[in-house]
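Heads up, the thing below is written out as structure tokens.
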Amino acid sequence: MESWDDFLAPYTQAVEELKVKLKGLRKQFERENIHSPIEFVTGRVKPIVSILDKASQKDIRIDKLGTGMQDIAGLRMMCQFVDDIEQVVELLRGRNDFEIVEERNYISHKKASGYRSYHVVIRYPVQTIHGEKNILAEIQIRTLAMNFWATIEHSLNYKYKGIFPEDIQLRLKRAAEAAFLLDAEMSQIRTEIQEAQRLFSRKKDS
């Protein structure tokens, strides 16, 4: 295989370009003074050690990483409300600067751990001095509550190497349901929340 720097370079470029593009969507909503379904966007390239660990777990050959691993380039789009997620997904479906190759709905069909999120895998064309290179990237769309839970679960996963003690596993499942209920309650008072945010924004700008 080529050097890791050369292999990861188009993934790094893709993450940076996509962050600019996806953050730009939020700015467009703000300019039109309408609710943005996007709260913020983050992105990262998977560390080499994580790539190797996942390749070993999933039995992916090193020379097949480009097609066998979908999340070397990863973006996260955070939303305030569950209903915003579908709107974001529709925005992504309507774009012509990348191709959606797979969608996985872990909100309607949560994982056994309690994990909820919506994953969109895309094929993104990166322009290089040697021509166009298509790479896979994964966009995860979730609420702030879902993201909080996923971040904690991810940290614990490293500590316990994926094998959680029974009491921790139970508490994580309870916390996942609590996060889901929080999202549900916030959705019920969505109109009041958005009105309060508009008032606060006008006061701040005055």
Review point. How far is the Cα center of the stretch 98-126 from the Cα center of the stretch 152-199, in Å?
Key: 18
Revision key, fill the gap. accessible surface per residue for the chain, probe 1.4 Å, DNA/RNA/ligands not counted, whole Å² -> 61
Practice item. Could you tell me what percent of the accessible area of the chain is made up of carbon and sulfur, with a 1.4 Å probe and every protein chain present? Key: 52
Check your understanding: Top mean-square fluctuation among Thr143, Thr42, Thr67, Gaussian network model of the chain, C-alpha springs under 10 Å?
Key -> Thr67
Check your understanding: Once all Cα-Cα distances of the stretch 4-205 are split into 5 Å bins that start at 0, what whole-number percent is in each one?
Key -> 1, 6, 13, 17, 18, 16, 13, 8, 5, 2, 1, 0
Review point. In percent, how large is the relative contact order of the chain, given Cα pairs closer than 8 Å and 6 or more residues apart?
Key: 19
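The values are calculated or read from the model by the stated rules, or taken from the named source; none is laboratory data. Keep in mind the model is a prediction, meaning the values are calculated, not measured. In case anyone asks, the SASA skips ligands and DNA or RNA and just uses the protein heavy atoms, side chains included. Shrake-Rupley method; radii C 1.70, N 1.55, O 1.52, S 1.80 Å.
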